[in-house]
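Comments concern the structure below.
The values are calculated or read from the model by the stated rules, or taken from the named source; none is laboratory data. Given the structure is predicted, the values throughout are model-derived calculations rather than measurements. Neighbour counts run over all protein chains shown; Cβ positions are idealised from the backbone, glycine included.
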Amino acid sequence: MSKKAKTKNALHENKGISQSEITNLSSISNIKQKRKTHPSVDTLVNDLITGNITALSRAITIIESKNPAHFDKANTLLKECLPYANKSIRIGITGVPGVGKSTFIETFGKHLISLGKKVAVLAIDPSSSISKGSILGDKTRMEDLVKHKNAFIRPSATGDTLGGVARKTRESIILCEAAGFDIIIIETVGVGQSETAVHSMVDFFLLLQLAGAGDELQGIKRGIIEMADAIAINKADGDNLKHAKLAMVEFNRVLHFYPEKASKWQPKTTLCSAVNNEGIDTIWDVIQEYIAMTKKSNYFNTKRQEQNKFWLIQTIEDKLKTNFFNRADIKKELAHQLKLIEDNKTTPFAAAEIIFKLEE
């Protein structure tokens, strides 16, 4: 009798475990063993381009990994997927907290799926700078959309810095496109630094705004409005409809004071109610009009080329920064200079100069 069989018999006799329970335990063991087996890059790519969601999730996990052993695999993965990418429409969606971004994206996503589209949602999720914790709640907030076979939702925690996550989100777009998703939606954390990063990786930038909350422009940075290709006043329903219409007039007036965009596109303002599924089709019409116009003028391709150049420089800067701070001598001198600053024996600028001299 084999050792494995003896173990099973011992379990059966001494622990009172039934044969069916032994079979279940064996199945669970087999599943765990399969999970430990990491597929090769070729296998992962072949599965991914057929639209396999599990392969897509695994691929994104690899590119998000901070393990140096995964870097080469991640780069090879992206290169292999690149020929199948760049065939989607990339849409950035932002708005102040409480504007209803998740509800809007779910309703908008379901509308696109009803038109035969495959929709991927990549959400940049805020992390606490104190606890490092992250909500990552998009899958729970979009409970209907996440169940659909033609939808994929992937939140990414910002961690200590936005830049790294933004770069990983940029790479995740390529993987999602290779998996056959023709609409990629990037949801931001709200009005702030993330908007600039997301704007640099999308084709169309939509700003969601809420009416009836006092000054319609309060809390909205000028730069955010300048980046917007369209503004949608959400929750335009019930008693709030009148306020929403007034807000639309106000935003239309403001938009005409901004400089002309390089795309020659005049941003539009529209009303919608994500809860009631109203005005969603109009927003999609606006996006299609923008895409058609910019493709005709070749601005669409030019913008993507400029974005690629931007991300080349951004990636180099991130790599240099990571390599610099990971050096043992830099870490040691940095700790020393920080102590001197605490003791008020040097200035941040003088400390920086001393640390930089280690590079010479």
Considering residues of the stretch 93-105 that are not β-branched (V, I, T) and not in a strand (DSSP E or B) only, the residue modelled with the lowest pLDDT: P97
State yes or no: is K295 in a helix (DSSP H, G or I), touching an Asp or Glu at 6+ places or on another chain (Cβ under 8 Å), more than 30 Å from D237 (Cα to Cα) and not aliphatic (A, V, I, L, M)? no
What are the residues in the stretch 303-344 that are among the basic types (K, R) and over 16 Å from R167 (Cβ atoms), if any? K303, R304, R327, K331, K332, K339
Filter result for the condition that a residue is at pLDDT 80 or above, touching a helix residue (DSSP H, G or I) at 6+ places or on another chain (Cβ under 9 Å), surrounded by fewer than 20 Cβ atoms within 10 Å (Cβ to Cβ) and closer than 26 Å to G279 by Cα, over K168, K149: K149
Residues of the stretch 255-269 being closer than 23 Å to L210 by Cβ and surrounded by 17 or more Cβ atoms within 10 Å (Cβ to Cβ), in sequence order, are L255, P267, K268, T269
Select from the stretch 314-360 the residues that are surrounded by 10 or more Cβ atoms within 10 Å (Cβ to Cβ) and of a type in the set (F, W, Y) and list them in ascending order. F324, F325, F356
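Residue-wise test of (1) closer than 13 Å to I184 by Cα; (2) of a type outside the set (S, T, N, Q); (3) out of contact with any Asp or Glu (no Cβ under 6 Å at 6 or more places or on another chain); (4) assigned to a helix (DSSP H, G or I).
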| position | (1), (2), (3), (4) |
| --- | --- |
| A59 | no, yes, yes, yes |
| N75 | no, no, yes, yes |
| I91 | yes, yes, yes, no |
| T107 | no, no, yes, yes |
| G116 | no, yes, yes, no |
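Yes or no, residue by residue, for (1) part of a loop (DSSP other than H, G, I, E, B); (2) in contact (Cβ under 8 Å) with a residue 12 or more places away in the chain:
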{"residue": "Y258", "(1), (2)": "yes, yes"}
{"residue": "Q266", "(1), (2)": "yes, no"}
{"residue": "D285", "(1), (2)": "no, no"}
{"residue": "Q305", "(1), (2)": "no, no"}
Is there a residue being buried (at least 16 other Cβ atoms within 10 Å of the Cβ), at pLDDT below 90 and either among the polar types (S, T, N, Q) or over 16 Å from F108 (Cβ atoms) (or both) anywhere in the stretch 177-188? yes
The stretch 86-103 - residue that is surrounded by 19 or more Cβ atoms within 10 Å (Cβ to Cβ) and among the polar types (S, T, N, Q) and, of those, nearest to D182 (Cα to Cα): S88
Within the stretch 67-85, take every residue that is of a type in the set (A, V, I, L, M) and in contact with a helix residue (DSSP H, G or I) (Cβ under 7 Å, 6 or more places away or on another chain) and give me the one that is surrounded by the fewest Cβ atoms within 10 Å (Cβ to Cβ). L82
